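Here, each number is a calculation from the coordinates, and none is a lab measurement. These numbers come from a predicted model, not from an experiment. In this analysis, Cβ positions are derived from the backbone assuming ideal geometry, glycine residues included, and neighbour counts consider all displayed protein chains.
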Amino acid sequence: WDKLLISNNHKIIELNDAVKKVKNDQQVLDQELEFIATQHKELEESLAPLEKEFVG
Amino acid sequence: WDKLLISNNHKIIELNDAVKKVKNDQQVLDQELEFIATQHKELEESLAPLEKEFVG
Amino acid sequence: ETDTHALYMKKVEGELTELRNRHATASSKILEHKRKLAELSHRILTIIVKQECTRKV
């Protein structure tokens with residue numbers, strides 16, 4: 001039983017690290033999504049005058 | 001007590017799998033983000049000469 | 001200790017649920033971005049075509 005308890009302990013520590021990492025990665029991913037949204041907006045804004053000129 | 005120990009052990013394994021799955025799903029999204037970034041860059045590059053001509 | 005483990009795992013379960021939600025949100029945002037990219041790409045193409053026409057005239 002002790003062995004199982006110790007092994008559980010280890011696994012939980014591992015699990016904790018893994019969850020932390022996944023959470024962190026998700027944070028980065030969310031930030032990247034925000035960044036992409038900004039980029040798209042910028043691209044759209046630079047398209048506007050060109051469309052006005054050429055497409056009418 | 002023993003039951004809890006064993007149930008914990010099962011749960012840990014379950015959670016570990018669940019974390020792995022979340023991690024995998026995240027990786028898929030990461031690839032998608034990369035794809036979007038590449039496409040965005042291509043669009044920007046095709047826009048650049050248009051803007052140059054427009055301004056120039 | 002065993003109780004602590006059980007408690008901790010409850011917490012992890014909650015965190016995983018939250019992560020799945022965030023993942024779903026991120027997924028739909030990515031879809032949206034892809035649609036936006038397609039739209040922008042189409043608009044740029046239209047400009048290129050029109051500009052070419054203008055130049056030839």
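Taking segment C:11-30 as the range and being touching a helix residue (DSSP H, G or I) at 6+ places or on another chain (Cβ under 9 Å) and at the interface with chain B (Cβ under 10 Å from one of its Cβ atoms) as the test, the residues that pass are C:V12, C:E13, C:E15, C:L16, C:L19, C:R20, C:R22, C:H23, C:A26, C:S27, C:K29, C:I30.
Could you pull out the residue among B:K11, B:K20, B:K3 that is more than 10 Å from chain C (Cβ to nearest Cβ) and in a helix (DSSP H, G or I)?
Values: B:K11 fails: more than 10 Å from chain C (Cβ to nearest Cβ); B:K3 fails: more than 10 Å from chain C (Cβ to nearest Cβ).
Of the residues listed, the single one that is more than 10 Å from chain C (Cβ to nearest Cβ) and in a helix (DSSP H, G or I) is B:K20.
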